[in-house]
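J.: Can you keep this structure in mind? I'll have questions shortly.
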Amino acid sequence: FLPKIAKHIEELWQLIPKQPYQRGYKRKAFHAPGHSDLYANAQSAMFVALARSMDWYDEDILWFAQYAGYMIYSTDTLGQLFAAVIDAGGETGEQVFQILLASARGEHEIGVMGRHITRALLNASRPDGWDFIEKMLLAAQREEGLRQTILESIDEAHPEAFRRILRLIIDHELVRFSAVTRALDTWLGYAWDSESVRVINATLTQILTLLESADARDQALRTGNGEAVYEALWAIGFEDAFAAMAAAEPLLDDADVERRFGAVTLLVNLGLSEALPALLKAMDDPDLRVALSAPRGLPSYNHLYGYHGSYDDTLGKSGLFEVAERLLARMSKERKALEPLIWPWVSVTSERHVIANLMWAALGERSPKRLIPSLTDLSSYARAQAAQKLSEIGLQDPEVRDVLVKLIADRDTYVRGEMIKLFAEQNLSVEPQESLFLEGLLTRKADDLRRGVLSLLTKQGDADALSSADRLTESRKIEQRLAGLELLLLLHKQGRAVTECRARAERYAQVHADIAGAEKSFVEAITDAEQSLLTLDDALGLMNPANRSQPTPPRQRDVKLTSEAAVKTLVALDELIHEHRATPITVKTWQGEDQETLLGNAAYTFAFSHFNTPIDEELTRLPLREVWEQWVESRSGDLLDDDGLELVRAQYEAYIYDTYSWQHPLDATGDQPELVLKLRYPAICSRVLNWLVRLYPAPNTSDYLLDCLETTWAQIPHE
């Protein structure tokens, strides 16, 4: 794996634990020195990113420093790699540094400006690199894109570089630019919209003071308001998240609710599993706004929605179940938005399902019966899963059975379906008292509920099922009477109590002389022994299947789906792309803008040929046209098929290889099973061939493709 830069990858591996441990657009600039486990995901992601963007190039680090601006993927990771090389020092580090500076100034013959440069210079430990970025930021003026690129990455920069940029923003009043506000929101977890320059500038000044002065942090923690507490803890976390966690915990006992809220907000934003005990303590806070904020910092936010699969029993043994149980008892039955604390954008909503789901997630070894009082508060998925867990106790348990039967009437379609399926899978008969409850549900109009309940009612013995039908058909409500008739029809179809069902249907017709519509259809279906039952096979009686035209079975044609020449063509094209992998080309981004990149990096940005546009009008969009044409016209005989269809076959192979690459190896292609297809640029091969089959059309292509399609269909088993 990238042997020429393996040493530098190791340098990056060592650099990553010196950076913030959070990643993604919701990241905060918290560091965790001495806690390498927090960086394992970032280190593995680094390997994936490098493999995605660099594995095709067997080049040294200086080559990558020159060409990084043309690479579409993983430019941030490349910047981090260059920072690690610069920090390692020596001649190579200095050369990389100078290449990046020259590229940013537009003075390098190859290199161009890109995110990799700002990332590298900000992450490295060289003050002259920070000076360069500072001057670039000041010179940006109307270049909002450049300003945003710099500001978006400084929270992940070297800590001293971050402080310097903050000071620069304050001294030169750069808060007037919207990119500064957006960046500050990311750094602090704020959501400012239209705050004044004065307010934002004051916050930046306060943050810088807190970063530079331990005394200022201590003072804020002792006497500051809720916002000051949060910002002081944030400044501590900027250097050491675990120190911030330790400083936040005592504040959970503070008499001032805003100071407690600032502390719990910081604990949530730290995202540390070690903060679980403090968060559980906060969930017992007398103010619901504090208590309901704490769960957002639990190890897996998915627990709040009832989704959890395989995980350790940390939550089960933590006491979270009992804490959530107490909190749920304090909450109102209705969803309620609570008055914001400290910041208007940090809204807290009282929602019972969020806390009830925590009880399900933290059930652990407790009896699932502990969930019964809060079962209706669970989200639909969690409710269904909890019911499944209850069923493991056994439906012979009266309390469990009563709960599960009532869930058949659940407001959620998914839960109802799971309960009906549960009863069906266990082949359970319905008890007489349960049938009365189920019959009452048939006043509702939900089709899934109706079908499920009727299916359960048929699980009774004949006498009990007929009694259910009698009660339903005698109801004043048409929905129940129709259900009673349908129940009789279901029994009739099953060959159960046929005479009794017919007699009841006839009696119903006599009592209700003016029946029509569905009632009439049900009665006729039950009483007319000769009437054929309507099925989907005859389109519910609308057509005679015997009159349908019979399909012509597909036949296997004498056609070669692939060939040795096609496979060799594809391998040769892949090699040609590799030879030109460092050639700059222009592609269209998904926004429709022109972007320069290297051929080897183009992948899914390489242009497709549009078959609904004449090829002559399309050719201006084909990168490196002369390269492809020269290659096609100079191919050797072993890359040609007698019928001239090798490019079509190669395009098929490239498409299959690219689309189903996760199922590798495809192998066994052509006439030689030992010829294994291994491509480095399957997506680019597919797209180049997309052009070549139009530039060099083979005779009888349409007939060939139709024969291939029919042959493929013929190979599909009939059963």
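The values are calculated or read from the model by the stated rules, or taken from the named source; none is laboratory data. On a predicted model such as this, the values are computed, not experimentally measured, just so you know. Backbone-built Cβ (ideal geometry, glycine too); neighbour counts: all protein chains shown.
J.: Please verify whether Arg217 is among the charged types (D, E, K, R) and closer than 21 Å to Gly145 by Cβ, treating the condition exactly as stated.
T.: Working: among the charged types (D, E, K, R): yes; closer than 21 Å to Gly145 by Cβ: no.
Considered against the rule, which asks whether it is among the charged types (D, E, K, R) and closer than 21 Å to Gly145 by Cβ, Arg217 comes out as no.
J.: Any idea which residue in segment 680-719 is surrounded by the fewest Cβ atoms within 10 Å (Cβ to Cβ), counting only those that are more than 23 Å from Pro551 (Cβ to Cβ) and small (Gly, Ala, Ser)?
T.: The qualifying residue surrounded by the fewest Cβ atoms within 10 Å (Cβ to Cβ) is Ala698.
J.: Is it true that Tyr67 is surrounded by fewer than 19 Cβ atoms within 10 Å (Cβ to Cβ) and in contact (Cβ under 8 Å) with a residue 24 or more places away in the chain? Working first, answer last.
T.: Working: surrounded by fewer than 19 Cβ atoms within 10 Å (Cβ to Cβ): no; in contact (Cβ under 8 Å) with a residue 24 or more places away in the chain: yes.
Against the criterion (surrounded by fewer than 19 Cβ atoms within 10 Å (Cβ to Cβ) and in contact (Cβ under 8 Å) with a residue 24 or more places away in the chain), Tyr67 does not qualify.
J.: Does Asp462 count as surrounded by fewer than 15 Cβ atoms within 10 Å (Cβ to Cβ) and either at pLDDT below 90 or of a type in the set (Phe, Trp, Tyr) (or both)? Break it down into steps so the answer makes sense when it comes.
T.: Numbers: surrounded by fewer than 15 Cβ atoms within 10 Å (Cβ to Cβ): yes; either at pLDDT below 90 or of a type in the set (Phe, Trp, Tyr) (or both): no.
No; evaluated as a whole, the condition is false for this residue.
Here is a yes/no grid of residues against (1) in a loop (DSSP other than H, G, I, E, B); (2) at pLDDT 95 or above; (3) surrounded by fewer than 20 Cβ atoms within 10 Å (Cβ to Cβ); (4) not assigned by TED's automatic domain parsing to the domain that holds Tyr21:
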{"residue": "Glu160", "(1), (2), (3), (4)": "no, yes, yes, yes"}
{"residue": "Asn201", "(1), (2), (3), (4)": "no, no, yes, yes"}
{"residue": "Leu210", "(1), (2), (3), (4)": "no, yes, no, yes"}
{"residue": "Gln219", "(1), (2), (3), (4)": "no, yes, yes, yes"}
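J.: Among the residues of segment 268-288, write down those that are closer than 17 Å to Asp240 by Cβ and more than 25 Å from the chain's Cα centre (by Cα). Walk me through it before giving the result.
T.: Here is the first cut: in segment 268-288, the residues closer than 17 Å to Asp240 by Cβ are 269-275, 278.
Selection gives Glu274, Ala275, Ala278.
J.: Could you check segment 1-113 for helices (runs of 4 or more DSSP H) lying wholly inside it with 3 or more residues that are under 17 Å from Ser153 (Cα atoms) and at pLDDT 90 or above?
T.: Working: elements: 6-15, 40-54, 61-67, 75-88, 90-105.
So the answer is 75-88.
J.: State all residues of segment 559-586 that are β-branched (Val, Ile, Thr), within 17 Å of Pro623 (Cβ to Cβ) and in contact (Cβ under 8 Å) with a residue 40 or more places away in the chain; if no residue qualifies, say none. Let's see the steps before the verdict.
T.: Filtering segment 559-586 for residues β-branched (Val, Ile, Thr) gives 559, 562, 567, 569, 571, 577, 583, 585-586.
When the remaining residues are screened for being within 17 Å of Pro623 (Cβ to Cβ), the result is 577, 583, 585-586.
If the condition is that a residue be β-branched (Val, Ile, Thr), within 17 Å of Pro623 (Cβ to Cβ) and in contact (Cβ under 8 Å) with a residue 40 or more places away in the chain, then Ile577, Thr583 are the ones that fit.
J.: Going through Ala566, Ala483 one at a time, which residue ends up being part of a helix (DSSP H, G or I), within 44 Å of the chain's Cα centre (by Cα) and under 30 Å from Cys708 (Cα atoms)? Give the steps one after another, and end with the answer.
T.: Numbers: Ala483 fails: under 30 Å from Cys708 (Cα atoms).
After ruling out the rest, the residue left standing is Ala566.
J.: Looking for something surrounded by 13 or more Cβ atoms within 10 Å (Cβ to Cβ) and farther than 25 Å from Phe64 by Cβ - is there at least one such residue anywhere in segment 590-607?
T.: First, the residues of segment 590-607 that are surrounded by 13 or more Cβ atoms within 10 Å (Cβ to Cβ): 595, 597-607.
Okay, now just the ones that are also farther than 25 Å from Phe64 by Cβ, so 607.
Within segment 590-607, one or more residues are surrounded by 13 or more Cβ atoms within 10 Å (Cβ to Cβ) and farther than 25 Å from Phe64 by Cβ.
J.: Do we have Ala140 as in contact with a Lys or Arg (Cβ under 8 Å, 6 or more places away or on another chain), without any contact (Cβ under 8 Å) to a residue 60 or more places away in the chain and surrounded by 14 or more Cβ atoms within 10 Å (Cβ to Cβ) here? Walk me through how you get there before you give the answer.
T.: On the way: in contact with a Lys or Arg (Cβ under 8 Å, 6 or more places away or on another chain): yes; without any contact (Cβ under 8 Å) to a residue 60 or more places away in the chain: yes; surrounded by 14 or more Cβ atoms within 10 Å (Cβ to Cβ): yes.
In short, yes.
J.: Next up: Going by the conditions given, is Arg366 assigned to a helix (DSSP H, G or I), in contact (Cβ under 8 Å) with a residue 12 or more places away in the chain and either small (Gly, Ala, Ser) or under 28 Å from Val323 (Cα atoms) (or both)?
T.: Values: assigned to a helix (DSSP H, G or I): no; in contact (Cβ under 8 Å) with a residue 12 or more places away in the chain: yes; either small (Gly, Ala, Ser) or under 28 Å from Val323 (Cα atoms) (or both): yes.
Criteria not met by Arg366.
J.: Take segment 370-388 and flag every residue that is surrounded by fewer than 17 Cβ atoms within 10 Å (Cβ to Cβ) and under 22 Å from Glu431 (Cα atoms).
T.: Ile372, Gln388 - these are the residues of segment 370-388 that are surrounded by fewer than 17 Cβ atoms within 10 Å (Cβ to Cβ) and under 22 Å from Glu431 (Cα atoms).
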